[in-house]
Amino acid sequence: MAAGGGGREPHRFSTHLMLAMILITIPVIGLISALDYRQIEQGLIADENLLREQAERSAIQAISLMDTGLNLFDSTLDRRMEEGFAPLLAGYERAGRDPAAMDLSRIAEEIGEDMDIYIINASGIIEYTTYPPDLGLDFREMPYLYDRITDTRLGDTFLADRIVAESTSGSLRKYAYMPSPDHRYLFELGLDCTAIEADRYNPQYRALREDLMRLNPAIEGIEIYDCFGRVINVTESKNPRDPATANSIARDVFEDKQDRTLRDAATGTTTRYILVDLFDPGYASDVSRIVALTYNTAPLDARLAKLQFGHIILALFASLIACGIAFPASRRITRPVREIADDVDRIAGGDLDHQIRISTGTEFTRLEEGVSTMVDSLKENIRRLHASEEMAREYSVRLEELVRERTAELERSNQMANLYLDIMIHDINSANAVATRYTRLLADALEGEEEKIARKMLSRFEQNTGIINGVATLRRARENQAILTAVDLDQVIRAQMAGFPAARIRYEGGPVMVLADDLLPEVFANLLGNAEKFGGPGVEITIRVEDRGEEVEVSVEDTGPGISGAVKKDLFHRLKKGESRLAGAGLGLYICRMLIERYGGRIWADDRVRGEPGLGAAIRFTLSGAGAGTDRE
């Protein structure tokens, strides 16, 4: 209910319920209609696809059977063609093995007028022939055929090929090959099969076209291509074309050995390019075919559109009926709710003793009883709330006192722990200093194996000192709040370089101000120490500073053995060590990372020469640039 103007709006909830019923019913009707349409659509498309699959299988089977029949006739001509090479080889010998001196016309008459002669040179080009249209034909444009004829030219055997369609006329020809005695040339004979009554073996693709169109009325056109993408049997086509013109799509289907489907929305057609694989490794030519079936999808699309329109009209009619039923139904359902709403309004106004009216219907009776129970519980909860508020105030006071006591106790414990840590660092450093001095004197006094042992002890004492100093640095970094000020990076670097007098350090940089604190020298102390320690004898160290305005990039490079890729990603993690036998406790680079991140920069390991890890390592990090007198907390 909601007040508006001079009174209430008693039908507002019923209006909402009616709208809810409509909003639920209409999508359900639409969903049912859509699912029914989808099911019918899938059935029609499935039937259409089944007809297409049957037509495609029939085309593949028919072409395969045609090829089988042609192959039977094909094999009967092999002996005749092999005998035809005898006059050609004799003429080659008479001409002193010079094809230019051969009388090919006379030899062709001797062999038979239905055969043509071709002489192919070592480059795969027809250099001499009695069939002028093929003069200069380059077999290198047909890689598979070129490889086969090259193997035949270098061998000593006769090779008979399959009957194929001639590219310029579409007539059937059978070819055979024989190498010259000196293997410089390959002799080829081409038999015109139409001259020997081979028409009864000629594949009648037009009859196949008619059979497929009767099987599937949706087929609008059929074209058959050879492995080069040329239309075959063009003499019987309704629309003859130049057979030498290759269809690039058919050629791609043959090369990829994958069928392809092309859809043309403008014409409402779908073209299926199907590969009929007739390849036989025993022959040089591939007589595979590509069948292009063009389907007219317009009738199916029109039928689906009509079906879709009918479902839309039916869904709209059903939605209008649902709207007419929703209004009276919502009024009847919401009447008990309006009565309960009136009673709840009185209770909300403060009359907690008002009784809820009992309505018909089990659900509304339970609702009314539940509201009455809720009112009784509300009275009890109000009483308990007042009592709880008093207890909460008392507990709050006690809790504040307890927090103050625990905070003071924690502060005392922290101070005591810091005192113990200061004592340990001081005493251990003092002991290490004394032990280091005595061990150094002992190492200088000893010789041989005993000196080596003393030097190892000295190294361990120095390593212990580094660990203690690292722990102290970590403590200072964690305890002190990061108050960054402008620091002269040039002075820091030169001061740290002075601490390594024995190292060969080259500095490329100048005065530049960065945001840091008094712990910044620890970064350079650790990096220079690592470079000197792990770089090996004669290591050269370079420090580069690049001022980029808001950011300054610093690189500490060395000419040592470098850092492998497997170590770089974990090098700055806590207690992670390098691969060298000299690797320390793993705190130095962790401290560097913590301090650089404290200054708002980033640090990473790199190669001194990009892509060449064996030519030295580089540790690079960035700092924020700052003008003089800049502070940031």
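Taking the stated definitions as given, is residue 377 more than 28 Å from residue 16 (Cα to Cα) and either loosely packed, with under 15 Cβ neighbours inside 10 Å or modelled with pLDDT under 70 (or both)? Against the criterion (more than 28 Å from residue 16 (Cα to Cα) and either loosely packed, with under 15 Cβ neighbours inside 10 Å or modelled with pLDDT under 70 (or both)), residue 377 qualifies. Of all residues in the range 97-109, those that are closer than 16 Å to residue 191 by Cα and assigned by TED's automatic domain parsing to the domain that holds residue 135 have Cβ atoms under 6 Å from Cβ atoms of residues that are surrounded by 11 or more Cβ atoms within 10 Å (Cβ to Cβ) and modelled with pLDDT of 90 or more, 6 or more apart or on another chain, in 104/117; 104/130; 107/87; 107/88; 107/91; 108/117; 108/130.
If you go through the range 211-238 and keep only what is under 19 Å from residue 271 (Cβ atoms), assigned to a helix (DSSP H, G or I) and modelled with pLDDT under 75, you end up with just 234. If you go through the range 597-623 and keep only what is over 22 Å from residue 539 (Cα atoms), surrounded by fewer than 17 Cβ atoms within 10 Å (Cβ to Cβ) and in contact (Cβ under 8 Å) with a residue 24 or more places away in the chain, you end up with just 600.
Taking into account only those residues within the range 526-550 that are surrounded by 15 or more Cβ atoms within 10 Å (Cβ to Cβ) and among the acidic types (Asp, Glu), which is nearest to residue 623 (Cα to Cα)? Per the criteria, the residue is 547.
From the residues in the range 81-96 that are crowded, with 17+ Cβ neighbours inside 10 Å and without any contact (Cβ under 8 Å) to a residue 40 or more places away in the chain, which one is farthest from residue 174 (Cα to Cα)? So that I can check it myself, show each step before the final result.
So in the range 81-96, the residues crowded, with 17+ Cβ neighbours inside 10 Å come out as 81, 84-85, 87-88, 91-92.
Pick out the ones that are also without any contact (Cβ under 8 Å) to a residue 40 or more places away in the chain and you get 87, 91.
Values: 87: 19, 91: 22 Å.
Across the range 81-96, the extreme among qualifying residues is 91.
Residue 284 satisfies every condition listed in (1) surrounded by 13 or more Cβ atoms within 10 Å (Cβ to Cβ); (2) out of contact with any Phe, Trp or Tyr (no Cβ under 8 Å at 6 or more places or on another chain); (3) not aromatic (Phe, Trp, Tyr) except (2).
Out of curiosity, is residue 387 loosely packed, with under 11 Cβ neighbours inside 10 Å, modelled with pLDDT of 75 or more, aliphatic (A, V, I, L, M) and within 30 Å of residue 354 (Cα to Cα)?
Values: loosely packed, with under 11 Cβ neighbours inside 10 Å: yes; modelled with pLDDT of 75 or more: yes; aliphatic (A, V, I, L, M): yes; within 30 Å of residue 354 (Cα to Cα): yes.
Against the criterion (loosely packed, with under 11 Cβ neighbours inside 10 Å, modelled with pLDDT of 75 or more, aliphatic (A, V, I, L, M) and within 30 Å of residue 354 (Cα to Cα)), residue 387 qualifies.
Which one is modelled with the highest pLDDT among residues in the range 578-593 that are among the hydrophobic types (A, V, I, L, M, F, W, C) and buried (at least 20 other Cβ atoms within 10 Å of the Cβ)?
592
The values are calculated or read from the model by the stated rules, or taken from the named source; none is laboratory data. Model, not experiment: these values are computed from the prediction. As a convention, Cβ positions derive from the backbone with ideal geometry for all residues, glycine included, and neighbour counts pool all protein chains shown.
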